[in-house]
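Working notes, beginning with the structure itself.
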């Protein structure tokens, strides 16, 4: 049986020098950087625009516009209500539970976009919900949206909304 030999510990001065060299060669994260694509990437801009359009329709109860952005076989996972399958089930829930009752806004600085080769993109972020009849009632949740680009049109095929909780400002 062979025994592994470990080198003797590095002298503290050489260790400090090696760490300093390694740190100088490693790019430091910039505070304005985000995870995922850069804010200037065309796909990031596209998905950010899609998010704005989707939730403009959501907030203004524009059901036809909202429906045009949702795949007919949508899978929507929600930590409070479970799984809803299909565009119509989603739109019915929006009409019954959202229209005139809830407003959604993307929390600034939380949007992340990742490409999915041959499919589209993944959008991740945090959104905040307010209630027009009770402006002091605030809630937030994390979300993941799968966007598919098919035949020149972007549609939501999967959505996950989790970690719903109250917030105070």
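Rounded to the nearest 5, what % of the DSSP beta bridges within the stretch 42-167 are antiparallel ones?
Details: 37 of 42 bridges.
Roughly 90 percent of the beta bridges in the stretch 42-167 run antiparallel, per DSSP.
From the gyration tensor of the Cα coordinates in the stretch 42-167, what semi-axes in whole Å does the equivalent ellipsoid have, largest first, with each one equal to sqrt(5λ)? Please list the in-between numbers first.
Values: eigenvalues 100, 57, 37 Å².
Over the Cα atoms of the stretch 42-167, the ellipsoid semi-axes are 22, 17, 14 Å.
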| Quick one: length gained pulling residue 91 to residue 103 fully straight, 0.36 nm per residue minus the C-alpha distance? | 2.8 nm
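Would you kindly state how much longer the chain becomes between residue 136 and residue 80 on full extension, computed as 0.36 nm times their sequence separation minus their alpha carbon distance, in nm to one decimal? Don't skip to the end; give the middle numbers.
Numbers: separation 56, 0.36 × 56 = 20.16 nm, distance 2.11 nm.
Stretched fully, the residue 136-residue 80 segment lengthens by 18.0 nm.
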| task | Just need the relative contact order of the stretch 68-161 here, percent rounded to a whole number, with Cα pairs under 8 Å and 6+ apart. | result | 29
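Readers should treat all values here as calculations from the given coordinates under stated rules, not as data from a laboratory. Here the structure is a predicted model, which means the values were calculated and not measured.
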